[in-house]
Amino acid sequence: MTPLEKHRIRAIKVLLEKADKSVPMLIDWELDDFLRTLLGLPARPKGQPPYVGWLVDKQEELVKPTKTSLKGLALIKKWEGLRTNAYLCPANVWTVGYGHTRTARKGLIISHEEAEELLQEDLKRFEQAVVRLVTVQLNQNQFDALVSFTFNVGINALTGSTLLSLLNRKNYLGAAEQFLRWIRAGKNVLPGLVKRRREEYELFLS
């Protein structure tokens with residue numbers, strides 16, 4: 001019996017136990033490797049822990065995040081940065097505070113407190129968009145990664161994205177790979193976007 005056949009038997013056994021007994025299950029390295037191979041997905045990056053979303057406890061499935069966690073908020077703040085003077089972003093859009101664009105204009109100056117208020121207002125819009133557009137179960141890290149992504153690229157971009165289409169077909173790993181494609185402003189690859197997408201990708205798979 002080949003190693004792949006052994007992994008297949010193990011995976012089927014685990015899935016059957018889950019179906020028959022509704023017992024909580026934790027994914028392990030072998031099963032993660034097997035399912036990536038079975039589904040034709042890229043191998044797990046070196047040092048990346050196994051994806052924990054293959055099997056979840058029945059109770060966990062009932063929990064649906066609607067608010068960004070402190071970890072997700074820190075990620076957004078890190079990559080948006082705080083600018084109290086309005087500026088033109090790489091996409092040539094007036095921006096202020098933590099990546100706020102809706103009311104930003106040339107010459108606008110705001111306080112740190114106003115930047116925090118604008119951030120919370122923006123978060124609500126993007127959180128609501130993720131809740132509305134995503135029709136499958138998400139854990140908190142996946143939700144946070146999607147809110148960060150949508151905060152950066154916009155609701156319309158998420159709506160028409162292959163990422164969302166794959167995710168709503170329950171292809172979580174395929175959706176995760178799509179994060180890494182959104183690294184350009186116009187035709188230019190931005191190093192900052194490459195790093196941000198990598199962090200969102202890793203958060204989504206954690």
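A few points about this structure:
- Some residue of the stretch 179-194 being surrounded by 22 or more Cβ atoms within 10 Å (Cβ to Cβ) and not in a strand (DSSP E or B): yes
- Qualifying residue in the stretch 119-137 (condition: open to solvent by 30 Å² or more (accessible area, probe 1.4 Å), polar (S, T, N, Q), at pLDDT below 95 and touching a helix residue (DSSP H, G or I) at 6+ places or on another chain (Cβ under 6 Å)): yes
- Answer residue from the stretch 157-169, given it is closer than 22 Å to R102 by Cα and assigned to a helix (DSSP H, G or I) and is least open to solvent (accessible area, probe 1.4 Å) among those: L158
- Put simply, of L70, L82, L75 the only residue that is modelled with pLDDT of 95 or more, more than 23 Å from L166 (Cα to Cα) and open to solvent by 90 Å² or more (accessible area, probe 1.4 Å) is L70.
- Some residue of the stretch 148-156 being more than 20 Å from P65 (Cβ to Cβ), in a helix (DSSP H, G or I), at pLDDT 95 or above and over 14 Å from the mean Cα position of the chain (by Cα): yes
- Complete set of residues in the stretch 108-118 that are surrounded by 16 or more Cβ atoms within 10 Å (Cβ to Cβ) and not in a helix (DSSP H, G or I): L108, I110
The values are calculated or read from the model by the stated rules, or taken from the named source; none is laboratory data. Since the model is a prediction, treat every value here as computed from it, not as a measurement. All Cβ positions, glycine included, derive from the backbone under ideal geometry; neighbour counts span all protein chains shown. All accessible areas refer to the heavy atoms of the entire protein, side chains included, with ligands and DNA or RNA removed. Shrake-Rupley method; radii C 1.70, N 1.55, O 1.52, S 1.80 Å.
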